[in-house]
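A quick write-up on the structure given underneath.
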Amino acid sequence: MRAALGDVVGAFCLVSLAAALDFRYHHTEELEAFLKEVRAAYPSLTHLHSIGRSVEGRDLWVLVLGRFPTHHKIGIPEFKYVANMHGDETVGREILLHLIDFLVTNYRRDPVVTRLLNNTRIHIMPTMNPDGFEATKVPDCYYSHGRYNKNGEDLNRNFPDAFENNNVTIQPETRAVMNWIKNETFVLSANLHGGALVASYTFDNGNSVTGSLKGYSRSPDDDVFIHLAKTYSFNHASMYRGTGCDNRQTFPEGITNGYSWYQLEGGMQDYNYVWGQCFEITLELSCCKYPPADQLEKFWRDNKVALIEYIKQVHLGIKGQVTDKNGNPIPNAIVEAKGRPHICPYRTNEHGEYFLLLLPGIYVINATVPGFKSMLKTVEITNNTDNFSALKYDFSFSEVSVRTRASSCPKTPLYQELEHASAAGKPTLHIFVLMTIMLVIFK
């Protein structure tokens, strides 16, 4: 009887949620109400929290979905989608609500969704700029003042820049996202925009070290970023065609290096990659920034498969733990693949975990605990995205019995050209060596 009653209640929740989420624009109160309804209907699958507030005091809501929604679980990677950081770019905001609805209503019904949620912790922020959205009163395909936050700042120019001192005043919305990135172990992310139809990948800014003189700013993981962008583009209904939004601009295969498109300082995707150890791409989903509501259902259909396939890429590559001789986790150990050093080295989290997104191939993984000899392991990585688990390999340092000291990356630009560095800001020997390596790799 109890089981039957549960089935009835569950079915009622599914119907009520489906009825509540139609294809129209949802303003702040409606968006909050929907997220709270989902949380109430699926308490074991979801967790709702605010990571901060906008300038006008609106909550920056994040809904977390997964088998362990309230906390990080060792071995389960963290993924995030962020939309509406430009308040007048609205399609992403709405399709993320429909993605939430699709995931919760298909859990334990659809095998792909079920395995995805059992093996991934998914964070969804439908709007990073609720003030800007509310300031955009009517649909409009072109630029409006709602692009900015209440202080008139472009949030996608507001993050610390890895190439130059952009000297911006960090806004409340930006600070909230920076703290969010710092407090989670995000592995993969995408931010959703409008005004074009393309998947853009890091770097957005650059210099001669990264190849900007040739019109392309290449990261150490350029091959992975191209794969990520193509994963979305080729699973989208039309992005892969690369036709763009007018006759003047085309994007072969529906992707572009950010710098090749246009130079951008203080962007969120570069910040994620350099300081957050999180691979992020920018998804431009509509030629019209704020299209009429009667087009939203088509946008959802066009993006549905791509949204799911992209999340699965969080299981690319290799993951594991670094421990000492007593089996205790070692935080802040450096774990990277040889041949692709990050200027801000990728380090283990408080659980001693590392996650490296790598395409199938043979790699030498270098684990380093400062003050001790590095450990090298040659591994063959296959594509495990359909198995929802990256290759697992743990490192154990038998001679280490203490935890390493906490460290953080410098806040000053990391990719300064050596000839332009001031006496007060010249790179350290460590950065000089890594930059020399990058010059060899990327020339």
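Only the coordinates and a few stated rules stand behind these numbers; no lab work does. Source: prediction; values computed, not measured. Note that we place each Cβ from the backbone using ideal geometry, even for glycine, and neighbour counts take in every protein chain shown.
Sorting S398, S144 by the number of Cβ atoms found within 10 Å of their own Cβ, with the fewest placed first, yields S398, S144. Protection proxy ranking of 256-262, 311-317, 52-58, by the mean of other Cβ atoms within 10 Å over each peptide's residues and highest first, is 311-317, 256-262, 52-58. Taking each DSSP H run with n ≥ 4 as -39500 (n - 2.57) and averaging over every residue of the chain yields -9500 deg cm²/dmol at 222 nm. Provide the net charge surrounding Y148, with neighbours chosen by a C-beta distance below 11 Å and charges set as Lys +1, Arg +1, Asp -1, Glu -1. My count for the surroundings of Y148 gives -2. Beta bridges per DSSP, both residues in the chain: antiparallel share near 60 percent. A cut-off of 5 Å between modelled amide H atoms, ignoring neighbours fewer than 5 places along the same chain, links D394 with Q321.
Taken as Cα centroids, the stretch 162-188 and the stretch 54-84 sit 15 Å apart, rounded to the nearest whole angstrom. Looking only at the stretch 44-69, which residues have a backbone nitrogen under 17 Å from a spot 7 Å from the Cα of E350 in the C-beta direction? Counting backbone N atoms under 17 Å from the label point, the list is 69.
So which of K214/K312; K80/K325; K36/K73; K36/K230; K312/K377; K36/K304 end up more than 28 Å apart by C-alpha? Exceeds cut-off: K214/K312; K80/K325; K36/K230.
Extending 7 Å from the Cα toward the beta-carbon at both K36 and T114 defines two label points whose distance is 3.3 nm. Under 13 Å from the Cβ of D88, count the other residues' Cβ atoms, weight Lys and Arg +1, Asp and Glu -1, and hand me the total. Once all neighbours under 13 Å are counted, the net charge is -1. In terms of surrounding Cβ atoms within a 10 Å radius of their Cβ, C141, C344 rank from fewest to most as C141, C344.
Near the amide H of F203, within less than 5 Å, lie the amide hydrogens of S217, S219, G258, Y259, all on another chain or at least 5 residues away, with H placed in the peptide plane.
Using the Cβ-Cβ distance between Q295 and K373 with R0 = 51 Å, the FRET efficiency computed as 1/(1 + (r/R0)^6) comes to roughly 0.30. In units of the rule-of-thumb radius 2.2 N^0.38 Å, the chain shows an alpha carbon radius of gyration of 0.98.
Other residues whose C-beta falls under 13 angstrom from the C-beta of R53 contribute a net charge of -2, scoring Lys and Arg +1 and Asp and Glu -1.
Note that the stretch 370-378 has calculated 3J(HN,Hα) couplings of x, x, 10, 5, 5, 10, 10, 9, 8 Hz, one per residue in order, obtained from phi through the Karplus relation 6.51 cos²θ - 1.76 cosθ + 1.60 (θ = phi - 60°); glycine and proline are x. On the basis of the beta-carbon distance and an R0 of 45 Å, E56 and L213 show a calculated FRET efficiency of 0.60.
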